[in-house]
1. Can you grab the distance from the C-alpha centre of the range 20-84 to the C-alpha centre of the range 215-270, Å, no decimals?
2. Rounded, prolate or oblate, given the Cα gyration tensor of the range 123-220, with a/c below 1.5 counting as rounded?
3. Which chymotrypsin sites (Phe, Trp or Tyr not before Pro) in the range 143-179 sit in a loop by DSSP (not H, G, I, E or B) and have at most 10 other Cβ atoms within 10 Å of their own Cβ?
4. Can you sort Lys19, Lys158, Lys75 so the residue with the fewest Cβ neighbours within 10 Å comes first?
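Nothing in this text is a laboratory measurement; each read-out follows from the coordinates by a stated rule. Because the structure is predicted, anything quoted here is derived from the model rather than measured. All Cβ positions, glycine included, derive from the backbone under ideal geometry; neighbour counts span all protein chains shown.
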Amino acid sequence: MSFIDDAPTGSIAGMQADKGSVYIFRGVGGKLATLDLDRLAEKINQRGVSAKVYDFMEWRGPAEDAIKRYRAQAKPTPIVLMGHSAGADVALSFAEKLKQERIPVSLVITLDPTRLPHDVPGNVDRFINIYASLNFFGGGSVSAGGEYRGHFSSVDLKNYWEVPHVRMLRIGALDERLIAKIVRVASAPTNLDGVTVPVRYVMPRGVNVELWDSGFPVKAEPNDTATKIAVRYGVPPWAVASVNEVEENTPLSLGQRIVVPRDLDAPPPPAVGGPLATSYSGR
């Protein structure tokens, strides 16, 4: 079951009873400029999770909807927020509104927000910003608020300079990666315990977009490089290099702290060497 197409804004009718709710917000251009968002919502609904798209100016009604729904549930289900451009900005405003009501948000995804977005509030479990830093429309690099302790990932698509701001979902199977992430988070709880380190990385051209949730720290062993650490933990060498701003095959200093990106929805591969820096207490 999906949202009822003609349900009024603010109504809780038509939501999945046993799964989470996905609220998606368009940018300034409205539906004609962001048809990809509507297609994304349709695919999410087809996979059994309720999703609906709104114009960015009407975010307050869906926020009240989410508050009513949360308080009416004996066992609250996940809330997922997503927006493009100005819609990304209001997704963060939505999360802040829920914070004021002491309501958690399982996942927030911002797609090329403007350069004036809010910080990520502390009630968000997982946050992913997907943006192109070279874009004139959009290009916003979001920061975590001082109280934020969740999983944080920032993905820069600046190498896809030829893709318009409104067509970002067509880059490197990004739409399917987003759908898989959203459906997984909305359908079942994920273990969020343990050390979490924010990750920021630039996607290279020619590969599918990776949406990691955060990272974990390791210490470089003798003769280590970003490539060797990447192989050890089952992630692409470019990712370790980009997250840590090092070259893939340049030798690292013994004991150097390196952050390895991770996906919370997949079990980590067994490490061959490279012990976790368990004494690290930061996030």
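1. The distance from the Cα centre of the range 20-84 to that of the range 215-270 comes to 35 Å.
2. In terms of gyration-tensor shape, prolate.
3. Answer in residue order: Trp161.
4. The order, fewest Cβ neighbours first, is Lys75, Lys158, Lys19.
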